[in-house]
Amino acid sequence: MEDEQAAFDLLIKALSETDDWDEVKRSRRKYKELDREHSGLTQLMFETERRHQGKIVRRQFRILGILIRTAREFIFLGGCEKHGEWTVPHGAFDEALRLRGKYEQNKGTTREHAII
């Protein structure tokens, strides 16, 4: 899990230091605002690679949350490893959407985190 934690930390640091996330060419962006049934959520995307038994194994991860552009804030609601149409943990996108609803109803609490 060290590779995944390092990739996550690097992504968060890079995004926190980037003034305009949209200046990057669309196909190279590390985030995506979701639509359809997950409208209102934004996913941050990263992947890791490692060699295992002579093969390169790629793992894709998604960090789910709410992007508040005007305040330059991202509220983390969850995350998952993505495997095509399914995730680990199962239902991670739906759970993040449920938490978004709670946040919008002012239920629960948040914790502030600063990138040093």
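Couple of notes before you dig in:
- Largest mean-square fluctuation among Q43, Q60, Q105, in a Gaussian network model of the chain whose springs join Cα atoms under 10 Å apart, belongs to Q105.
- Cα gyration tensor shape of the range 2-104, rounded if a/c is under 1.5, else prolate or oblate by comparing a/b with b/c: oblate
- Listed by chain and number, the lysines placed with their C-alpha closer than 17 angstrom to that of K107 amount to none; residues fewer than eight positions away on the same chain are left out.
- Relative contact order, percent, the range 2-104 [alpha-carbon distance under 8 Å, six or more residues apart]: 18
- Under 18 Å from the Cα of K30 - lysines, other chains or at least 8 residues apart: K13, K82
Throughout, read-outs are computed from the coordinates displayed, never taken from laboratory work. Being a predicted model, the structure only gives us computed values, none of them experimental.
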